[in-house]
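Structure, as structure tokens:
The values are calculated or read from the model by the stated rules, or taken from the named source; none is laboratory data. Quick caveat: nothing in here was measured; it's all calculated off a predicted structure. Note that we place each Cβ from the backbone using ideal geometry, even for glycine, and neighbour counts take in every protein chain shown. Side chains are part of the model used for accessible areas, which takes the heavy atoms of the whole protein and leaves out ligands, DNA and RNA. Shrake-Rupley method; radii C 1.70, N 1.55, O 1.52, S 1.80 Å.
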Amino acid sequence: MLDVKNEALAQIVDAGKINELGELKIAYLGRNGKLTKLIKKIKDLSAIEKKQAGILINEVKSTILDALATQKNTLKESARDWFDASIPGKKPKIGHLHLVTQAIREISSTFEKIGFVRARYPEVEWDWYAFGSLNFSKWHPARDEWETFIVDINPHPKYGPMALTPHTSSGQVREMMRAKNPPIRMLNIAKNYRRQSDISHVPMFHQFEGLVIDKGISVVHLKGTLDYFARNFFGKNRKTRLRPYNFPFTEPSFEVDISCGICKSKGCKLCKEGWLELGGAGMVHPTVLKNGKIDPSKYTGFAFGWGVERTYMMKAGLEIGDIRLLYSTDLKFLRQF
Ligand code: PHE
């Protein structure tokens, strides 16, 4: 009996791996284990011997179990000290680009495929580029402090006061002056600022503005471009429609709607009778072309300007809930995209 115990303890201390300990446990205490075999022999002993043998066997058994447990702990401890460089590492959690960045990239690549070129113009802009050159009347409400953030510096003698750009259309005349000669195919994506903050408006938001000027450009080209965008950005069965509207810098002017992707234009909770409003568009007003030093008797053009945030949320099929969430740090919201 003591031989078995010593043999077992020696082997346990020698064991280098945890699964070896499992095997030793079976070898000694399993159904055909060495100790178990001894237990089976007890029945042949006399009554007194049986009692003594029983006590001894229990002691040996618990000694072996203790030794197994101690060695297991020792092996676990030492395993912590060595490093297996071949084990695959734990991947850190990776987030993703903010959805406004994703939107800007997708919108850019959609228009770049048909020859639009990205442009960027000042975020703090003279009144002339933001309003005056775009044919806004002197008393247009957008010029009022209530709509636009006017910058507190002395007005320029020619270009007037400065403001945080309220729309990407401020880049239209700058682009015409830069390009000098058409053709122009500009895509201006930029931050805009307006005095607004409610569930569907934030004071800083993004717009993307297309401007195309060439000989013989008509509403047909505008409609074709918008339908191309609808198919490629929103999905192949989506269509656009134009509704008459009024902007001082386009004539005629339109509001652009896109067919609802949820109800297939039948009318649902998300849309107005099958259509969702995207934003403004129109044919560039001759006065604006003249202000950009382009001859309106030779050239015509179209422009459109929509909100990036709004357009992207519509693509995701989300009801335009609280748009301010886009600029919060609520991961539950951001992870949806
Ligand atoms: N700038 C207009 C707005 O912010 C949109 C627009 C752009 C309309 C280009 C017509 C042409 O509402």
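Over the stretch 1-97, with the other protein chains present, what is the accessible area per residue in square angstrom, probe 1.4 angstrom? It would help to have the intermediate numbers written out before the result.
Values: 7700 Å² over 97 residues.
I get 79 Å² per residue for the stretch 1-97.
A simple charge model with +1 on the Cβ of Lys and Arg, -1 on the Cβ of Asp and Glu and nothing else charged puts the dipole of the chain at about 1100 debye relative to its Cα centre. Here the peptides 276-289, 99-112 are ranked by packing, the mean other Cβ count within 10 Å, and the order with the highest first is 276-289, 99-112.
Beyond a 21 Å Cα-Cα separation, which of these cross-linked pairs lie in this structure: Lys5/Lys51; Lys17/Lys40; Lys191/Lys215; Lys113/Lys293; Lys34/Lys61? Check vs 21 Å cut-off fails for Lys17/Lys40; Lys191/Lys215; Lys113/Lys293. Of the solvent-accessible surface of the chain, computed with a 1.4 Å probe over protein heavy atoms with every protein chain present, carbon and sulfur atoms account for 55 percent.
Taking the centroid of alpha carbons for each part, the stretch 23-75 and the stretch 196-261 are 85 Å apart.
What is the sum of charges around Ile184, taking Lys and Arg as +1, Asp and Glu as -1, for the other residues whose C-beta is under 14 Å from the C-beta of Ile184?
Residues near Ile184 contribute +4 overall.
In the chain, the longest principal axis of the Cα atoms and the axis of helix 18-29 are about 30 degrees apart. Model label points for Ala316 and Arg243, set 7 angstrom from Cα along the Cα-to-Cβ axis, are 2.5 nm apart. Against the chain, whose longest principal axis is taken from its Cα atoms, helix 219-229 shows a tilt of about 0°. In the full protein context, the stretch 240-337 carries 50 Å² of accessible surface per residue, based on a 1.4 Å probe and ignoring ligands, DNA and RNA.
Comparing Trp306, Trp139, Leu9 along the charge dipole axis of the chain, the residue lying farthest to the positive side is Leu9, per the Cβ-charge model. Dipole magnitude for the stretch 216-337: about 400 debye, using +1 per Lys or Arg Cβ and -1 per Asp or Glu Cβ, origin at the Cα centre. Placing a pseudo-label 7 Å from each Cα along the Cα-to-Cβ vector at Arg120 and Asp3 gives an inter-label distance of 8.7 nm. Just to compare against my own numbers: the Cα pair-distance distribution for the stretch 1-134, 10 Å bins, whole % per bin, please. Reading the bins upward from 0: 9, 21, 15, 9, 7, 7, 8, 8, 8, 5, 2, 1.
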